[in-house]
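See below for the structure under consideration.
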Amino acid sequence: MGREPALVDALGGLLVVDKAGGMTSHDVVSRCRKILRTRKIGHAGTLDPMATGVLVLGVERATKMLGLLSLTTKSYAATIRLGQSTVTDDAEGEILATTPAAHLVDADIASGTAQLTGDIQQIPATVSAIKVDGERAYARARAGEDVQLAARPVTVSRFDILARRDIDTGTTTFVELDVEVECSSGTYIRALARDLGESLGVGGHLTALRRTRVGPFTLAHARTLESLADDPTLNLDIDSAARLAFPHRTITAEQSESLRDGRWLDPIGQPGVHAALTEDGRAIALLEEKGRRSSPVLVVRPRGLFD
């Protein structure tokens, strides 16, 4: 018996998954490969196993779009525990220290979040996926190495406190904060929790994390794996994905044929990567202007493959 045919066409598109906690991003990809019966699935960016929320996947030819998507801004809903620091800066790590936090007043906490807003220098969590001499930092940390990562610039455009709860355990009191964060790609919310706790003198770590938006993709676009299994279809076909994820220009039939052969067009002053769409909304290529040429960085429908 041969392999069952894929449930999507060769052009494919994007899946926006609402990832459940306890799964790696690769776990999600593996599950989607089985559901849609294709190996050609990849993800744009990762989510930690404890995190939930928006994870963008490319399917079939749309996998080639993933590296070109502008996913530079992200939004999160998170819970921070003040009064306890951990090895991993989140609830999955070994506890390093516990310090009563009941004395913290709201004004001091607000001042702490304000200092972590804007353009800041952030030292990533030691269990991050950043490579150190060719090996992931988390792998070195778990092997017992003392991993020292350099601070790097990130932008936190919003760090809002939505609610505060004082948790009395009988032996100490923690302060838990529900927060919303909007930030640049590469920002670690765990590190924000750690740094807020350190600035307040009580330590801190992340107890919950949900990504609510990445680039133009929000929870409104997202589906659970259970929903996908019940209805194994794409969120966005490749044409809808191009319209949502990229600025675009409309091209003529003649220009479409040129692009399908890999030729370039005259520029129109459009900055960055953008989509070339036919009048009826089909994506032909993703373009980037350099000098006197608007050249394809990806031909979506090359001649010979998609006639």
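The values are calculated or read from the model by the stated rules, or taken from the named source; none is laboratory data. Computed from a predicted structure; not experimentally measured. Here the Cβ is made from the backbone with ideal geometry for all residues, glycine too, and neighbour counts use every protein chain on show.
Quick test for you: out of T88, T72, pick the one residue that is under 30 Å from G58 (Cβ atoms) and exposed (fewer than 13 other Cβ atoms within 10 Å of the Cβ). So that I can check it myself, show each step before the final result.
Numbers: T88 fails: exposed (fewer than 13 other Cβ atoms within 10 Å of the Cβ).
Only one candidate qualifies: T72.
Kindly list, by first and then second residue, each pair from a residue in the range 74-85 that is farther than 12 Å from I167 by Cα and among the acidic types (D, E) to a residue that is assigned to a strand (DSSP E or B) and modelled with pLDDT of 95 or more, limited to pairs with Cβ atoms under 7 Å and residues at least 6 apart or on different chains.
Pairs found: none.
Select from the range 201-218 the residues that are surrounded by fewer than 17 Cβ atoms within 10 Å (Cβ to Cβ) and closer than 30 Å to E279 by Cα and list them in ascending order.
If the condition is that a residue be surrounded by fewer than 17 Cβ atoms within 10 Å (Cβ to Cβ) and closer than 30 Å to E279 by Cα, then P216, T218 are the ones that fit.
Would you mind finding the one in I167, I189 that is buried (at least 16 other Cβ atoms within 10 Å of the Cβ) and modelled with pLDDT of 90 or more?
I189
Go through (1) at pLDDT below 55; (2) part of a loop (DSSP other than H, G, I, E, B) one by one and return the number of the condition A139 breaks.
In the conditions (1) at pLDDT below 55; (2) part of a loop (DSSP other than H, G, I, E, B), A139 misses (2) alone.
If you check every pair at least six apart or on different chains, which have Cβ atoms under 6 Å apart with a residue in the range 101-113 that is within 18 Å of A78 (Cβ to Cβ) first and a residue that is assigned to a helix (DSSP H, G or I) second?
Qualifying pairs under 6 Å: G112/L196; G112/S199.
Which fully enclosed strands (runs of 3 or more DSSP E) of the range 201-287 have 3 or more residues being at pLDDT 95 or above?
Filter on the range 201-287 gives 204-214, 274-277.
Is it fair to say T52 is closer than 17 Å to H221 by Cα and of a type in the set (S, T, N, Q)? Walk me through how you get there before you give the answer.
Numbers: closer than 17 Å to H221 by Cα: yes; of a type in the set (S, T, N, Q): yes.
Taking the combined requirement at face value, the residue satisfies it.
In the range 31-50, which residues are within 26 Å of I189 (Cα to Cα) and either in the same structural domain as R190 (by TED's automatic domain parsing) or surrounded by fewer than 23 Cβ atoms within 10 Å (Cβ to Cβ) (or both)?
G42, H43, A44, G45, T46, L47, P49, M50 - these are the residues of the range 31-50 that are within 26 Å of I189 (Cα to Cα) and either in the same structural domain as R190 (by TED's automatic domain parsing) or surrounded by fewer than 23 Cβ atoms within 10 Å (Cβ to Cβ) (or both).
Sort out which residues of the range 14-41 are under 14 Å from the mean Cα position of the chain (by Cα) and among the basic types (K, R), and write them in order of number.
K19
Could you check the range 39-102 for strands (runs of 3 or more DSSP E) lying wholly inside it with 3 or more residues that are within 30 Å of L305 (Cβ to Cβ) and modelled with pLDDT of 95 or more?
Those strands (runs of 3 or more DSSP E) span 52-59.
Which members of the range 107-126 meet the condition of being assigned to a helix (DSSP H, G or I), in contact with a strand residue (DSSP E or B) (Cβ under 7 Å, 6 or more places away or on another chain) and not hydrophobic (A, V, I, L, M, F, W, C)?
T113
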